Amino acid sequence: MRHERVRKLNDISSKPGKYVLYWMQASQRVEENHALELAKGVANDLSLPLIVLFVLYTEYPSANSRSFTFMLEGLLEVSESLRETGIDFLVVEGEPVQSVSSLALEAAVLVTDTGYLRHQINWREALAEKVDCPFFCVESNVVIPVGVTSQKEEYSAATIRPKVHKSLNSFISDFEPVSYRTRSMEPSFGDLPTVDLKSFLQNMRDRNDVPPIRGLKGGTEEATRRLDDFLNEKLDEFPSNRNDPNLDGLSNMSPYLHFAQISPSFIARRVAQSQSPGSEAYLEELVVRRELSMNFAFYNKHYDSFSGLPAWAKKTLDEHRRDSREYLYSLDEFESARTHDEYWNAAQLEMIVTGKMHGYMRMYWGKKILEWSRSPEEALKIAVYLNDRYELDGRDPNGYAGIMWCLGKHDRAWAERKVMGKIRYMNDRGLRRKFDADNYVRKIKKLVHSL
């Protein structure tokens with residue numbers, strides 16, 4: 001593993017301890033997890049046991065039965081895989097900083113993985129102030145570490161693309177598995193409320209909020225199976241099929257990447273090795289576009305608000321605030337798919353029913369929320385709420401970057417028009433030119449009626 005993936009978050013050089021602690025938070029997998037491998041190596045070097053800790057935070061922003069069920073299915077696999085390697089896996093319920101710092105009291109070293117959202121960064125910063133042992137953070141959910149790609153917020157895909165390609169070959173295969181030398185221990189975790197994953201999962205399935213998706217299972221095994229299907233059946237046609245919601249031409253990796261149940265480096269390597277004519281187009285989405293989103297979330301703390309937009313977008317939207325809107329909808333009307341536009345309604349229903357929305361329709365969906373809301377701020381609030389509530393890959397830099405793109409982020413000024421100003425415009429005629437939009441509506445209606 002290249003040293004650029006690892007950052008030390010405090011100045012403590014060493015401390016006696018009973019074990020090495022890996023706080024698994026953003027990288028919820030055993031396979032090709034750079035943070036886990038670092039922790040295993042440190043445990044070997046110190047001749048200490050390794051404990052992997054996961055903190056179930058039931059107040060996690062926008063979390064619900066749908067997202068918890070998918071995540072917990074993956075954690076059950078993690079638990080089984082770690083047990084097979086002799087590594088203790090401890091799951092506790094609580095607030096992350098308090099829970100991790102309590103268990104770190106007897107740790108010689110603390111290791112964690114890297115998430116790029118505000119609360120994840122704040123958790124790590126707070127822990128760095130509290131713990132009295134060396135604290136390391138490892139980037140395993142991007143192919144290239146964010147700081148290696150760029151030291152600043154990038155303007156667009158065009159500006160980050162050459163930087164990604166410059167480093168891609170150096171990081172796509174930098175994973176080195178470590179053989180953990182098992183050591184038994186009798187851990188004493190005090191009053192930490194440990195969790196039985198199977199019971200917790202059943203409780204989440206029974207919650208009366210956003211229901212789990214039938215027929216869609218979380219976990220690395222399922223992610224790998226779906227990736228194999230994509231590589232064998234769909235990758236060759238990906239460039240021509242990806243923008244047609246009527247075709248099953250996508251990899252459907254986004255929920256698994258959101259919970260990091262599969263490594264993006266592993267996917268990128270498999271795609272590159274396939275020598276498929278679709279490889280370049282897919283790597284553009286997986287590495288360039290996805291890591292542009294990580295760059296945005298890490299360097300722009302306003303990644304989900306009006307303040308995070310580029311100056312030109314804020315200016316043009318401000319100039320058109322008082323424009324009359326042909327249609328105005330409330331959050332309830334948007335959420336229940338009760339607009340005048342059957343294409344938009346179908347996209348919203350697809351998200352509610354399947355936990356994801358086709359990427360091309362996501363663009364149209366977000367643009368219309370802006371056009372039919374009282375202000376850009378209200379539009380952002382509505383789009384973020386719906387995306388984070390229903391999308392399995394919501395609450396993610398990709399989702400926030402996509403929503404903000406609908407308001408001009410990572411884009412340029414276009415012809416000026418009412419309400420939208422110089423923000424790129426989309427309409428239903430464009431959908432019908434691109435694909436059979438009416439068939440898409442029929443497909444979604446059929447799906448809804450089948451439930």
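Going highest first, how would you order 155-165, 365-375, 134-144 by mean Cβ packing within 10 Å?
Values: 155-165: 15.6, 365-375: 21.6, 134-144: 24.1.
Averaged packing, sorted descending, gives the order 134-144, 365-375, 155-165.
Quick one: Karplus J couplings for segment 352-365, per residue in order, coefficients 6.51, -1.76, 1.60, θ = phi - 60°, nearest Hz, x for Gly and Pro?
5, 7, 9, x, 7, 10, 4, x, 5, 6, 4, 5, 5, 3
Tell me the label-point distance for the pair R161, D438, using the 7 Å Cα-to-Cβ offset, in nm and rounded to one decimal.
Label at R161, label at D438, 3.6 nm between them.
May I ask you to give the solvent-accessible area per residue for segment 223-326, in square angstrom, as obtained with a 1.4 angstrom probe?
Computed with neighbouring chains in place, this is 43 Å² per residue.
Using per-residue counts of other Cβ atoms within 10 Å, averaged over each peptide, order 386-395, 107-116 from highest down.
107-116, 386-395
Can you give the log10 of the normalised intensity I(q)/I(0) at q = 0.06, 0.08, 0.10 Å⁻¹, computed with Debye over equal Cα scatterers of the chain?
Per q value, in the given order, log10 I(q)/I(0) is -0.27, -0.47, -0.74.
Taking the dipole about the Cα centre of the chain, with the C-beta of Lys and Arg at +1 and of Asp and Glu at -1, give me whichever of A35, I262, G278 is farthest to the positive side.
G278
How large, in percent, is the carbon and sulfur part of the accessible surface of the chain at a probe radius of 1.4 Å?
Here carbon and sulfur together make up 48 percent of the probe-accessible area.
Segment 291-352: which chymotrypsin sites (Phe, Trp or Tyr not before Pro) are DSSP loop and have at most 14 other beta-carbon atoms within 10 angstrom?
In loop regions of segment 291-352 (DSSP not H, G, I, E or B), the sparsely surrounded chymotrypsin sites (Phe, Trp or Tyr not before Pro) are Y327.
Rounded to the nearest whole Å², what accessible area per residue is found for segment 49-131 with the 1.4 Å probe?
33 Å²
May I ask you to give the solvent-accessible area per residue for segment 343-451, in square angstrom, as obtained with a 1.4 angstrom probe?
For segment 343-451, the per-residue accessible area is 39 Å².
For segment 383-399 and segment 5-46, what is the separation of their Cα centres, given in Å?
30 Å
Put +1 on the Cβ of each Lys and Arg and -1 on the Cβ of each Asp and Glu in the chain; which of Y180, C137, G402 then has its Cα farthest toward the positive end of the dipole?
G402
Tabulate in residue order the Karplus-calculated ³J(HN,Hα) for segment 94-107, using 6.51 cos²θ - 1.76 cosθ + 1.60 with θ = phi - 60°, rounded to whole Hz; enter x for Gly and Pro.
Here the 3J(HN,Hα) series is x, 7, x, 4, 5, 5, 5, 5, 5, 6, 6, 4, 10, 8 Hz.
Calculate the FRET efficiency for D428 and Y299 from the Cβ-Cβ distance with a Förster distance of 35 Å, rounded to the nearest 0.05.
For D428 and Y299, the calculated efficiency is 0.50.
Work out the charge dipole of the chain with +1 on the Cβ of Lys and Arg and -1 on the Cβ of Asp and Glu about the Cα centre, then indicate which of V20, V97, V384 is farthest towards its positive end.
Checked the options; the winner is V384.
Taking every alpha carbon pair in segment 134-224, what does the distance histogram look like in 5 angstrom bins from 0, in percent?
Histogram of Cα-Cα distances, whole percents per bin: 2, 8, 10, 11, 12, 13, 14, 15, 11, 4, 1.
Report the extension gain between Q151 and S240 in nm, rounded to one decimal, defined as 0.36 nm multiplied by the number of residues separating them, less their alpha carbon distance. Could the numbers behind the result be given before it?
On the way: separation 89, 0.36 × 89 = 32.04 nm, distance 3.43 nm.
Length gained, Q151 through S240: 28.6 nm.
The values are calculated or read from the model by the stated rules, or taken from the named source; none is laboratory data. Just so we're clear, the structure is a prediction, and the values are computed from it rather than from any experiment. When we count neighbours, we look across all protein chains shown, and the Cβ atoms used for this are built from the backbone with ideal geometry, even at glycine. Surface accessibility is based on the protein's heavy atoms, side chains included, excluding ligands, DNA and RNA. Shrake-Rupley method; radii C 1.70, N 1.55, O 1.52, S 1.80 Å.
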